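The values are calculated or read from the model by the stated rules, or taken from the named source; none is laboratory data. Fair warning: this is a prediction, and the values are worked out from it, not measured in the lab. Cβ placement follows ideal geometry from the backbone for every residue including glycine, while neighbour counts extend to all protein chains displayed.
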Amino acid sequence: MKYHKILLFADSCCYFEDIDLNHDKILEDLKKVKYQHMPIGKAGSIYNKEFSGVYNSFDIKNVLNEIQDKEKILTEFNKLLNFAVKEHFQFNVKFKISTIWSNKCLPQSSGEFHRHTNYWLSGVYYPHGMVLDNFHLVFEKIFTDPFSIETINHNNFNSETFSVYVKRGTLLIFPAHYRHKVGFNNTKSDRYSIAFNVLPEGKLSEINSVWQ
């Protein structure tokens, strides 16, 4: 019997390791940023005490204004975004970083699942974290399966969630419509990251949504 596995559509993120930044100095600056508490149960979610330890810098228009290496960070982010857009996702379009902020997750806390509405790509950079810290970002399947069936082994086809583990110097770039959350921080230290959203620029395509 011949068997072929056909992937109809591929979902992916772009994962960079050990990007060229002064991680220690950036972490030092992030600890001085003023954070606001994330609302618990926003968007109709069920209350969970773990969410009470998640904070962000949304009150600051651009968190890089609080960081000494602003220009170096932007240069590195844009360089890696260009690779992700052109080489990984294979899009032929210009882009710009439109919003950028930082997150702080206290010990024994996690985030809520959410998506970045009205944006194209999103990214998150981690200035600290060792493998043993198990810092991770959790992605949720966009269309969940109608049945809950016991599996032989969890894989990309039968899992409802997928965790991407990160460490010092990691940068993730992924489609902004992916539902995701900050994974549970099981360490005794605050977990910091810088996140951003990206929009395409200029002419996109001649294709429209009208049936011909």
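In the stretch 130-140, the qualifying residues are those that are surrounded by fewer than 17 Cβ atoms within 10 Å (Cβ to Cβ) and outside any strand (DSSP E or B), and the one that is nearest to the chain's Cα centre (by Cα) is Asn134.
Condition first: at pLDDT 90 or above and either over 30 Å from Glu201 (Cα atoms) or outside any helix (DSSP H, G or I) (or both). Can you find one or more residues in the stretch 141-149 that meet it? No, the stretch 141-149 has no match at all.
Evaluated against (1) under 17 Å from Glu201 (Cα atoms); (2) surrounded by fewer than 16 Cβ atoms within 10 Å (Cβ to Cβ); (3) of a type in the set (A, V, I, L, M), Ile97 falls short on exactly one condition, (2). Look at (1) closer than 15 Å to Ser110 by Cα; (2) of a type in the set (Val, Ile, Thr); (3) not in a loop (DSSP other than H, G, I, E, B) and you find that Ile173 fails only one, number (1). Of all the listed residues (Leu121, Leu172, Leu132, Leu106), the sole one being among the hydrophobic types (A, V, I, L, M, F, W, C), under 30 Å from Leu27 (Cα atoms) and without any contact (Cβ under 8 Å) to a residue 12 or more places away in the chain is Leu132.
Among the candidates Tyr165, Tyr192, the residue that is out of contact with any Pro (no Cβ under 6 Å at 6 or more places or on another chain), of a type in the set (Phe, Trp, Tyr) and exposed (fewer than 15 other Cβ atoms within 10 Å of the Cβ) is uniquely Tyr165. Answer with yes or no whether Glu87 is under 18 Å from Leu171 (Cβ atoms), surrounded by 14 or more Cβ atoms within 10 Å (Cβ to Cβ) and either acidic (Asp, Glu) or modelled with pLDDT of 95 or more (or both). No; evaluated as a whole, the condition is false for this residue.
What number of residues in the stretch 183-198 are within 15 Å of the chain's Cα centre (by Cα) and in a strand (DSSP E or B)? Result for the stretch 183-198: 8. Exactly one residue out of Val131, Val124, Val164 is of a type outside the set (Gly, Ala, Ser) and in contact with a Ser or Thr (Cβ under 8 Å, 6 or more places away or on another chain): that is Val124.
Applying the criterion of being assigned to a helix (DSSP H, G or I) and among the aromatic types (Phe, Trp, Tyr) to the residues of the stretch 48-102, the residue that is farthest from Glu17 (Cα to Cα) is Phe51. Exactly one residue among Glu66, Glu76 is closer than 30 Å to Leu204 by Cβ and either free of Cβ contacts under 8 Å to residues at least 12 places away in the same chain or among the charged types (D, E, K, R) (or both), and that residue is Glu76.
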